[in-house]
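Contents: one structure, followed by commentary.
Nothing in this text is a laboratory measurement; each read-out follows from the coordinates by a stated rule. The model shown is predicted, which means the values in this text are computed figures rather than measured ones. Quick reminder, even Gly has a Cβ in these numbers, built from the backbone with ideal geometry, and neighbours come from all protein chains shown.
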Amino acid sequence: MKVFTTGQVAKICKVAPRTVSKWFDSGRLKGYRIPGSQDRRIPREYLIKFLKEHGMPLGDLEDEAMAKVLLVGQDQVLIENLKKHLPLERSFKIQIAASGFEAGIQAESFHPDCIVVDYSIGRIDAQQICQNLRRNSEYAETIVIALLPDDGSQITVDRAHVNESFKKPFDVALLAERLRTLIGARKELV
């Protein structure tokens, strides 16, 4: 568990260390005192919770506190259901890309932890996205999930390019839970 000093919290929040001490002493910012000292320590999870409750930006903590998911697809029902099951206030940030080209641009700027590729955008395009991701060493650790259509065709996914696959129709809550589990195993979500 990562902990911060009042000085470190002050830098993150862009306030004076005395302000952080006041938050701590009033009980608004949770933490503990070092035994035999007046020094305060604030655990990372309490700091993130405090920042979210007060609408303050997470700054540098955002990358380690938020699970970033890039959804490549055009199915609006799927997109809305996934957003409902992975609410933003619960440490999830979702970006949408409608095509392979857009997915490449989004992946470069967004640096997602997981990319969900809906094969209904076109089987060849979807496979190309997955292959291109795995060719790039920056995305070697990125979780890739394929959403396969239920159109009667037999689509096989290359396990070298895709971590998991779901065949439509499926319960979006199950996909959301799987995302929490896979990303949660790699980073500490709050």
Among the trypsin sites (Lys or Arg not before Pro) in region 14-79, which ones are in a DSSP loop with at most 15 other Cβ atoms within 10 Å of the Cβ? Mind listing them? K14, R28, K30
The chain: antiparallel DSSP beta bridges as a percent of all, rounded to 5: 15 percent
Please give the residues of region 3-24, grouped as numeric ranges, whose backbone N is less than 15 Å from a label point set 7 Å along the Cα-to-Cβ vector of I34. 3-9
Given the chain, longest segment not containing exposed loop GluC sites (Glu not before Pro) (DSSP; at most 15 other Cβ within 10 Å): 1-140
Between D125 and A185, 0.36 nm times their residue separation minus their Cα-Cα distance comes to what? 18.7 nm
Using alpha-carbon positions, what is the distance between the centroids of region 4-53 and region 156-183, in Å? 38 Å
Links that overshoot a 18 Å alpha carbon limit, given the list K14/K68; K52/K93; K14/K93; K2/K93: K14/K68; K14/K93; K2/K93
Listed residues V117, T5, S26: farthest to the positive end of the dipole of the chain (Cβ charges): S26
Quick one: length gained pulling R18 to V77 fully straight, 0.36 nm per residue minus the C-alpha distance? 16.4 nm
Two-decimal log10 I(q)/I(0) for the chain, as the Debye equation yields it once each C-alpha is a single scatterer, q = 0.09 Å⁻¹: -0.42
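Using +1 on the beta carbon of Lys and Arg, -1 on that of Asp and Glu, and nothing else charged, what's the dipole of the chain about the Cα centre, debye to 20?
It works out to roughly 1120 debye.
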